[in-house]
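Q: Handing you this structure, nothing more for now.
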Amino acid sequence: MKKIISLVLLFTFALSGCEKDDICDANTPTTPRLIIEFYDINNPDLLKTVTNLKVIGQGMSEGIVFNETATDDSKYRTNASSIAIPLKTNEDTCTYSFILNDGNSNPALINEDIITFNYSRRDEYVSRACGFKTVYELNSSNPFVQTDGVNNDGSWMQIVELVEPNIENENEAHFKVFF
Amino acid sequence: MKHILKYFFSFWLLSCSFGIRAQVKDTLTIQTDSFPVTAVTPEAVPELVQDTIKTHRYGLRVGVDLFKLTRAFWDHNYKGIELVGDYRLSKRYFLAAELGSENKTTEDDRLTSNSKGQYIKAGFDYNTYENWLDMENIISIGLRYGFSTFSQELIDYKIYNSHPYWGEMPPKASGQSYSGLNASWIEVNMGLKAKVFNNIFVGFSVQLKGLVTNNTPGEFDNLYIPGFNRTYDGRFGVGFNYTVSYFIPIYKKKIKIETE
């Protein structure tokens, strides 16, 4: 009798240790973003940092926030060599403007390029707490369309290279941009 | 240990009788008189039972889970029934089984899904309670093997996007259904059954379950398994029932009482 009761108690403790599934863990891989890495056109193996790059979605009034601690417009600018941008989960196309040297006092240095990404979507089950995630596959025929910005000042992105058409995680770059 | 169980049982029996009274509005009030438990003190027992012959009745007990049956009245997402039965094999051992059908819609934060199907659980109960006189109460611990066949439907879902730059999307309707699913599990069952009058018993039991097999749809998960209830990340589950049952006596065994 005592043995049975202690067994049941053990069972209960084992149970109580594994019920943490009501909150979606922030480390769970969910909807991935598109990863773009920037390389030096003169030395294609070397990562190159961008200067004050602002990325803004078509039809949006605000850019992607890269620096959450900043309060002024500089929160939309990045000086990194790699960026992650979210694609639309409800449409098969998504257009972004990439503005280099955003906010520079010399307007001649500001250069805008526009890229439209074309892809198909698939919703995958993650867990009870997280729900589903969307994964993307860039179209094989026209994965992206690059155009110059409104100023007709030429593209600052000299080569845009697709390296991974399946966007299922954020572990590696999907695009390489040489400039 | 034994005394603790006795007092615990008396207390439970008492509260149970109040519960019954509250539910059926005074039709069962006379029944409190037939409980010798509260009136008899443990010291008085040996005197009382001297030279008595204890009669053990053997038979089949069948009943229904009142909780599942009444849940549909207050929970529009649930419909279900569970029939329970046990057959007394020996002084302490009972063959026991539950048979049920459930249809439950679960609204989680990011998913709404429906699960419906049938299940059967079979095993045994061991009565740890030493009855006085001709009482037939049961405090049991038991083991069951459960099996369920069911189908699930994903009704709607939300996309988890930790970077909602393009805005948070409303839930997407799905309607995708997954049929032919099954699961099996082992459960430890702890229960009480009290004879409230004649051959009517009320009982309560709690169950701890561990999944043995779980045939999931692959691109989805079994979020609710009829009989097993809600699933967690691990293999464990819990459940309970509140039953009323009728005992059908089949034969009797007379046993001389052993004095303690």
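Q: Within the range A:52-101, count every residue that is away from every other protein chain (no Cβ under 14 Å), among the aliphatic types (A, V, I, L, M) and under 21 Å from A:T116 (Cβ atoms).
A: 3
Residues are listed down the side, and each one gets a yes or a no for (1) over 23 Å from B:L181 (Cβ atoms); (2) modelled with pLDDT of 95 or more; (3) touching a Pro at 6+ places or on another chain (Cβ under 9 Å):
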position	(1), (2), (3)
B:D75	no, no, no
B:V84	yes, yes, no
B:K91	yes, no, no
B:L95	yes, yes, no
B:S101	no, yes, yes
B:K104	no, yes, yes
B:G123	no, yes, no
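Q: Provide a single number: the residues in the range A:137-177 that are touching a residue at least 12 places away in the same chain (Cβ under 8 Å), small (G, A, S) and on the phi < 0 side of the Ramachandran plot.
A: So the count comes out to 4.
Q: Does B:E187 fit the bill of being more than 22 Å from the chain's Cα centre (by Cα) and either at pLDDT below 95 or not aromatic (F, W, Y) (or both)?
A: no
Q: If you don't mind, there's one more thing I want to ask. Where in the range A:110-179 are the strands (runs of 3 or more DSSP E), entirely inside, with at least 1 residues that are under 17 Å from the mean Cα position of the chain (by Cα) and closer than 25 Å to A:R77 by Cβ?
A: Here the list reads A:111-127, A:144-148, A:159-162, A:175-178.
Q: Can you confirm whether A:I23 is within 30 Å of B:Y126 (Cα to Cα) and modelled with pLDDT under 90?
A: So A:I23 fails the test.
Q: Additional query: Against the conditions (1) at positive phi; (2) free of Cβ contacts under 8 Å to residues at least 24 places away in the same chain, where does A:N101 fall short? Just the number, please.
A: (2)
Q: Take the residues in the range B:88-133 that are surrounded by fewer than 17 Cβ atoms within 10 Å (Cβ to Cβ) and of a type in the set (K, R); name whichever of them is farthest from B:P226 (Cα to Cα).
A: B:K91
Q: So in the range B:125-165, with the set limited to residues that are under 30 Å from A:S127 (Cα atoms) and hydroxyl-bearing (S, T, Y), which one is modelled with the lowest pLDDT?
A: B:S162
Q: Continuing with this model, one more query. Pairs only if they're at least six apart or on different chains, beta carbon under 7 angstrom, first in the range A:54-73 and of a type in the set (D, E), second assigned to a loop (DSSP other than H, G, I, E, B); list them, first residue then second.
A: A:D73/A:G103
Q: Scan the range A:30-59 for residues that are outside any strand (DSSP E or B) and either among the β-branched types (V, I, T) or surrounded by 14 or more Cβ atoms within 10 Å (Cβ to Cβ) (or both) and report the count.
A: 10
Q: For the range A:113-126, what are the residues that are surrounded by fewer than 20 Cβ atoms within 10 Å (Cβ to Cβ) and either within 14 Å of chain B (Cβ to nearest Cβ) or farther than 30 Å from B:D221 by Cβ (or both)?
A: The answer is A:I114, A:T116, A:N118, A:R121, A:R122, A:D123, A:E124, A:Y125.
Q: Shifting gears a bit: With respect to the numbered conditions (1) within 27 Å of the chain's Cα centre (by Cα); (2) modelled with pLDDT of 90 or more, which one is the sole condition not fulfilled by B:R235?
A: (2)
Q: Let me ask another. With the structure loaded, tell me whether A:S120 is of a type in the set (S, T, N, Q), in contact with a strand residue (DSSP E or B) (Cβ under 6 Å, 6 or more places away or on another chain) and under 27 Å from B:L111 (Cβ atoms) or whether it fails that test.
A: yes
Q: Between B:T128, B:T112, which is within 14 Å of chain A (Cβ to nearest Cβ), β-branched (V, I, T) and farther than 19 Å from B:Y58 by Cβ?
A: B:T112
Q: In the range B:232-243, what count of residues is obtained for those that are within 8 Å of chain A (Cβ to nearest Cβ), assigned to a loop (DSSP other than H, G, I, E, B) and either among the basic types (K, R) or crowded, with 16+ Cβ neighbours inside 10 Å (or both)?
A: Total meeting the criteria: 1.
Q: Pull out all pairs, ordered by first then second residue, where Cβ-Cβ is under 6 Å, the residues are six or more apart or on different chains, the first lies in the range B:190-213 and is within 16 Å of B:Y129 (Cβ to Cβ), and the second is of a type in the set (D, E).
A: B:K195/B:E136
Q: Right, here's the next one. So which residues in the range A:88-128 are aliphatic (A, V, I, L, M) and in contact with a Ser or Thr (Cβ under 8 Å, 6 or more places away or on another chain)?
A: Across the range A:88-128, the qualifying residues are A:L100, A:I114, A:I115, A:V126.
The values are calculated or read from the model by the stated rules, or taken from the named source; none is laboratory data. Quick caveat: nothing in here was measured; it's all calculated off a predicted structure. FYI the Cβ positions are ideal-geometry reconstructions off the backbone, even for glycines, and counts take in every protein chain you see.
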